[in-house]
2 protein chains.
Amino acid sequence: MSKSLVSAALRGEAGVSAASRERIAAAADRLGYRANGWAQRLVSGRSGLVGVLLTDLHNEYHTDIVNGIEDAAHEAGFGVILSHGRRDRSLLLDRLQGLIDLGVDAVIAVTGHLDADALEAAAARVPLVVVGRPESVPDGAGWVRNNDEEGARLAVAHLLSLGHERIAFVHGSVRPASRARRDAYRSLVMEPREFSGAAAFLASGTGLTAVFATNDRLGAQLLADAADRGMRVPDDLAVVGYDNTELSRLVRPALTSVDQPRGAMGTAAMAQALALVGSGSAEHLIVAPTLVVRGSSVRAAPLD
Amino acid sequence: MSKSLVSAALRGEAGVSAASRERIAAAADRLGYRANGWAQRLVSGRSGLVGVLLTDLHNEYHTDIVNGIEDAAHEAGFGVILSHGRRDRSLLLDRLQGLIDLGVDAVIAVTGHLDADALEAAAARVPLVVVGRPESVPDGAGWVRNNDEEGARLAVAHLLSLGHERIAFVHGSVRPASRARRDAYRSLVMEPREFSGAAAFLASGTGLTAVFATNDRLGAQLLADAADRGMRVPDDLAVVGYDNTELSRLVRPALTSVDQPRGAMGTAAMAQALALVGSGSAEHLIVAPTLVVRGSSVRAAPLD
DNA sequence: CTGAAAGCGCTTACAG
DNA sequence: CTGAAAGCGCTTACAG
């Protein structure tokens, strides 16, 4: 039983008799032997690992994308390593560097918070796929995002179809995704009114009858603030959010929201990462959002 | 400029002149050189990495603990690798094995979902710290959890002090933490009534006036279901949750909830992991929960 | 500070 | 299938 035989058997290489394979597996089991991963990686030059960089763990949007990535990675025999930079730019860069130094075969950045330079630098060192909407994506990197313009259109068209004419847009931080939604909103509404934060909107007292929030958290905040002021939703105010997270189902009235196919986005991102590792090139993908109607915009809507 | 000098300089070892250090750093920068981490780990036998095993990403409870771990790890010069097994037992075991195979210096399992055997096997292979409440924790492993009995006592005492006499307990899956809360609840209430799930409670129509939910998600679900049935909270029904997550602040009325010092728990877990790596032994830590009163139990409570 | 040597634990050919 | 050899890219002594 040579060293090479054991190595081949343990890695499941062809050309090892069933008898040896079994004997070796049994012995390894008995001895608790496991190949040293660092030595394997050192010699093979590949890690079998893909690094996932997250902005924010505590957000279902990110989580479901990660699940999609993990499913696809597992199927391809890859391990997934998660790292998260909260919303701190320098922390995010630090974690990105950490993943690259670790030697992952590819990085999937699930964030819109990295600037062009940082992405450029990362893409030069490792196959890179971005999920989300940063300022720009370097050539040669993969990219998956939803069609924000279309999502905004769905939201606004829904409110217009309900007879609302004075519709506001509420955003938090102004990032590319939010900006795209706002631009689409502007092009569809006669007198666009934008507010930064739920409080600003409600304090304005402008008599607007509907609001499109750029994410569910803001949407939920609007519902809470409206309730605190004794406003009835959707009668006094109709609200539409974005992301269709669990939150949209837990609040009352439940929140009408634009859905992104998160699992599919993760799976596609992993497929692009594999393509980059293999052929060196990857496609970009823009997925279509859909609208999920609930009680925050239509009284008779199902509770979900 | 020998290989050894470069190695020492790059690792910031003492005994390298400032001049060499600078020249070497500059050259490395120019060439884009970075030491191969696998080779370093292979030869040093240490990874500088701690693996964190999560049950569920999309839960603020877990997220804040991770933040605490990361802060402490960063301070100690350690990197953090996250891995998550959703709520699937075999997936969780798989990920745990993956972390160990990767060669992390310690594993922090932020979950109560691993059974005694799995924990025992893991602890035999790597310094292990558990955050949460599994069935049992192996000797030699670190452990951090909150005092569930005390948390339940805070919740029930609060409701009793408001004059409620018929208080229900609602749980989801029955795990040790939930069981401990239930046992404490039982010992404090005259006629304990337990329900599995929010729907079961509300369908019962028993005229109970208050409910203690074993987590915020269930609490939020109870609020939603109560609203759907036209019940007024807290007048018709008072609700208390557990975990004091963002959800408790976003729903209306806002949810009274038991808080665990999550960040501190993460920090303590990392400290235990370092102690295990160093001296080989670690303490157990049980932290005290506190009660955060909001509108779901007291009408006049601040909105938060 | 320098430089050559040994070795970390594997995989990869290669001759048998 | 076997076994010896070389090498992956580093760090660790060690003699100068």
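Key figures for this structure:
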| item | result |
| --- | --- |
| Condition check for A:R262: under 21 Å from A:D148 (Cα atoms) and among the basic types (K, R) | yes |
| Residue among B:A203, B:A199, B:A254 that is away from chain A (no Cβ under 14 Å) and small (G, A, S) | B:A203 |
| Test: B:S7 is away from chain A (no Cβ under 13 Å) and either farther than 26 Å from A:E75 by Cα or surrounded by fewer than 21 Cβ atoms within 10 Å (Cβ to Cβ) (or both) | yes |
| Which listed residue is touching a strand residue (DSSP E or B) at 6+ places or on another chain (Cβ under 8 Å), modelled with pLDDT of 90 or more, buried (at least 24 other Cβ atoms within 10 Å of the Cβ) and away from chain A (no Cβ under 11 Å), from B:L119, B:L114 | B:L114 |
| Residue count, region B:211-233 (criterion: outside any helix (DSSP H, G or I), in contact with a Leu (Cβ under 9 Å, 6 or more places away or on another chain) and buried (at least 24 other Cβ atoms within 10 Å of the Cβ)) | 3 |
| Candidates A:V287, A:V277 - the one that is away from chain B (no Cβ under 14 Å), in contact with an Asp or Glu (Cβ under 6 Å, 6 or more places away or on another chain) and farther than 30 Å from B:N215 by Cβ | A:V277 |
| A:A106, sole failed condition from (1) among the small types (G, A, S); (2) within 13 Å of chain B (Cβ to nearest Cβ); (3) touching a helix residue (DSSP H, G or I) at 6+ places or on another chain (Cβ under 7 Å) | (2) |
| Subset of region A:1-26 (residues that are among the hydrophobic types (A, V, I, L, M, F, W, C), part of a helix (DSSP H, G or I) and within 12 Å of DNA strand D (Cβ to nearest atom)) | A:L5, A:V6, A:A8, A:A9, A:A18, A:A19, A:I24 |
| Candidate set: region A:240-275, residues that are under 21 Å from A:F78 (Cβ atoms) and touching a strand residue (DSSP E or B) at 6+ places or on another chain (Cβ under 6 Å); chosen: the one surrounded by the fewest Cβ atoms within 10 Å (Cβ to Cβ) | A:M265 |
| Members of region A:22-40 found to be more than 9 Å from DNA strand C (Cβ to nearest atom) and closer than 21 Å to A:G77 by Cα, listed by number | A:A25 |
| Complete set of residues in region B:252-276 that are touching a Phe, Trp or Tyr at 6+ places or on another chain (Cβ under 9 Å) and assigned to a helix (DSSP H, G or I) | B:R262, B:A269, B:M270, B:Q272, B:A273, B:L274 |
| Checklist (1) in contact with a His (Cβ under 8 Å, 6 or more places away or on another chain); (2) buried (at least 19 other Cβ atoms within 10 Å of the Cβ) applied to B:L237, failing item | (1) |
| Test result for A:V239, in the same structural domain as A:A152 (by TED's automatic domain parsing) and β-branched (V, I, T) | yes |
| A:G15 being within 13 Å of DNA strand C (Cβ to nearest atom) and at pLDDT 80 or above | no |
| Some residue of region B:49-68 being part of a loop (DSSP other than H, G, I, E, B) and within 16 Å of DNA strand D (Cβ to nearest atom) | no |
| Selected residue (only one of B:S173, B:S178 is hydroxyl-bearing (S, T, Y), assigned to a helix (DSSP H, G or I), within 26 Å of A:L247 (Cα to Cα) and under 22 Å from the mean Cα position of the chain (by Cα)) | B:S178 |
| Any hit, region B:179-199, residues being modelled with pLDDT of 95 or more, surrounded by fewer than 21 Cβ atoms within 10 Å (Cβ to Cβ) and under 30 Å from B:D71 (Cβ atoms) | yes |
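So that you can scan it fast, the table gives a plain yes or no per residue for (1) out of contact with any His (no Cβ under 6 Å at 6 or more places or on another chain); (2) aromatic (F, W, Y); (3) in contact (Cβ under 8 Å) with a residue 60 or more places away in the chain; (4) not assigned by TED's automatic domain parsing to the domain that holds A:V66:
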| position | (1), (2), (3), (4) |
| --- | --- |
| A:G112 | yes, no, yes, no |
| A:A124 | yes, no, no, no |
| A:P127 | yes, no, yes, no |
| A:R133 | yes, no, no, no |
| A:R175 | yes, no, yes, yes |
| A:R182 | yes, no, no, yes |
| A:R186 | yes, no, no, yes |
| A:A199 | yes, no, no, yes |
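Here is a yes/no grid of residues against (1) more than 22 Å from A:V126 (Cα to Cα); (2) more than 9 Å from chain B (Cβ to nearest Cβ); (3) basic (K, R):
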site: A:A27; (1), (2), (3): yes, yes, no
site: A:R30; (1), (2), (3): yes, yes, yes
site: A:R34; (1), (2), (3): yes, no, yes
site: A:Q40; (1), (2), (3): no, no, no
site: A:R46; (1), (2), (3): no, yes, yes
site: A:L53; (1), (2), (3): no, yes, no
site: A:I65; (1), (2), (3): no, yes, no
site: A:E70; (1), (2), (3): no, no, no
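The values are calculated or read from the model by the stated rules, or taken from the named source; none is laboratory data. Owing to the predicted nature of the structure, the values given are computational and were not obtained by experimental measurement. Glycine gets a Cβ as well: all are built from the backbone with ideal geometry, and neighbour counts include every protein chain shown.
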